[in-house]
Amino acid sequence: MGKRNSQRKNVAATLDYSDTDSVSSSSTLPSEQLLVSGVVDLQLEKDSILDQALDDLYEKRGSTREKALASIIDAFNSKIQHEFVEKKFATLLHQCLSSIKKGSAKEISLASHAIGLLALTTGPGERAQEILEESFPPIIEALKSKSDASKISALLECLTIVTFIGGEEPEETEKSMQTMWQVVHPKLGSNVVAIKPSPAVITSAVSAWSFLLTTMDGWTLNPKTWQESISYLSSLLDKDDRSIRIAAGEGLALIFEMGNLEKFSVATTGPSDSFNHDGNNAREFTHIQGLRQKILNQVKSLSVEAGGKGSAKKDLNSQRNTFRDILEFLEDGFSPETSMKIGGESLNTTSWSQLIQLNFLKHFLGGGFVKQMQDNEVLHDIFGFSPKRKLLSGTQKLSGTEKRMYKSPNSVHNKSRTQFLNKQRMLSQDRNAGHFAVADDDI
């Protein structure tokens, strides 16, 4: 079964932003001078608003701090705030952490989002490591109270972004992933309160966990942990909530893409006890093949599920399309391909890893996604995306500070990191092509 033409049409979203604005090379006329002056004045006004918002984070009134955080988020969505971060990095981070420690659920959500944007602006390096180190303890503390689903989801998204950008060692990423797992599966640990999570929290945690999984070399992880993860994700496919099903299905597809199922039947043995482990390996292999077949049956069922009473048709169609893609991947090894236009250039994904990263970042950035994709080199490196540059006037240029940060060593570090990760995913994808169906035939 080849790739479906209809699939390409369904998943190829188009966000086309024109780059046809002309740039005059003639001498500056008085009217143009007024326009340039107006642009400068507008930028100074925006900078002043951002500085005022930062000052307002010191206010005692919670509603004032919430309004200030919302203004900061809007500013980061509308422009990559390199110069502001260069000057006010520590102040912004510590005030946002203060809001997480003492604020209302709404304030915690806003502060969490602001910290995530701060990490995406700084890019990998010492500052990103500082964000992760400083943020982890208060985030863990805030997660212990599960009274508000939107707050928990925002904290999980923040932890995901700061770990993705600031985590230099696999152990740091595993630590954050384990925290997410404990939120939805408390019996695995005791550092979060064992309260039954809401569907929205489960969806957020699984999506965040899968996003961080895209950055890991799965062959270094504990097989028992992997097996528990797959069993739990499989159980989520039976839940009534379609958002949970989709998140769990994508997580399973990613695990299959990484090729880790074949590892479960291989135990590490020494020369003296290899004979004793032969029986265990055989039983393990049989268990894994049974789990394979169960997941395949679940995916087939969800790809053709009929709508139930009160079901939203949009959610049903999303589920069907997602699980049809997963089924095609499991049976034939073909990952879904997506394409969207940003600034006249195509942003493409060709693997589950890239698709999960793209969907997570689109959800996190919301209305700021297009601007970030156009101007943020961290995102360019992640997706190998090179947008066209759009200048509104001949005088609109990067400041000295922005130039230094725009080509900072952090960008080189992140590019090499993401290129390595993408290479690992492609190797796993090639290795796994058709692997699921072949393995079933070998039982």
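Being over 26 Å from residue 159 (Cβ atoms) and either at pLDDT 90 or above or of a type outside the set (Ser, Thr, Tyr) (or both), is that true of even one residue in the range 353-363?
Looking for residues that are over 26 Å from residue 159 (Cβ atoms) and either at pLDDT 90 or above or of a type outside the set (Ser, Thr, Tyr) (or both), one finds none in the range 353-363, hence no.
For residue 90, only one of the following conditions fails: (1) in contact with an Asp or Glu (Cβ under 9 Å, 6 or more places away or on another chain); (2) in contact (Cβ under 8 Å) with a residue 40 or more places away in the chain. What is its number?
Evaluating residue 90 over (1) in contact with an Asp or Glu (Cβ under 9 Å, 6 or more places away or on another chain); (2) in contact (Cβ under 8 Å) with a residue 40 or more places away in the chain leaves (2) as the failure.
Taking residue 391 as the residue in question, decide whether it is out of contact with any Phe, Trp or Tyr (no Cβ under 9 Å at 6 or more places or on another chain) and either in a loop (DSSP other than H, G, I, E, B) or modelled with pLDDT of 95 or more (or both).
yes
So that you can scan it fast, the table gives a plain yes or no per residue for (1) crowded, with 22+ Cβ neighbours inside 10 Å; (2) farther than 23 Å from residue 381 by Cα:
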{"residue": "106", "(1), (2)": "no, yes"}
{"residue": "121", "(1), (2)": "yes, no"}
{"residue": "127", "(1), (2)": "no, no"}
{"residue": "131", "(1), (2)": "yes, no"}
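Conditions: (1) closer than 16 Å to residue 206 by Cβ; (2) touching a Lys or Arg at 6+ places or on another chain (Cβ under 9 Å); (3) not aliphatic (A, V, I, L, M). Residue 124 meets all but one. Number of the miss?
(1)
Out of curiosity, is residue 80 buried (at least 22 other Cβ atoms within 10 Å of the Cβ) and either acidic (Asp, Glu) or closer than 22 Å to residue 140 by Cβ (or both)?
Answer is no for this residue.
Here's a check for you: in the range 140-176, which residue that is free of Cβ contacts under 8 Å to residues at least 40 places away in the same chain and in a helix (DSSP H, G or I) is nearest to residue 69 (Cα to Cα)?
175
Could you say whether any residue in the range 200-207 is part of a loop (DSSP other than H, G, I, E, B), modelled with pLDDT under 95 and not hydroxyl-bearing (Ser, Thr, Tyr)?
Looking for residues that are part of a loop (DSSP other than H, G, I, E, B), modelled with pLDDT under 95 and not hydroxyl-bearing (Ser, Thr, Tyr), one finds none in the range 200-207, hence no.
The values are calculated or read from the model by the stated rules, or taken from the named source; none is laboratory data. Not measured: the values here are computed from a predicted model. Ideal geometry is used to build each Cβ from the backbone, glycine not excepted, and the neighbour counts take in all protein chains shown.
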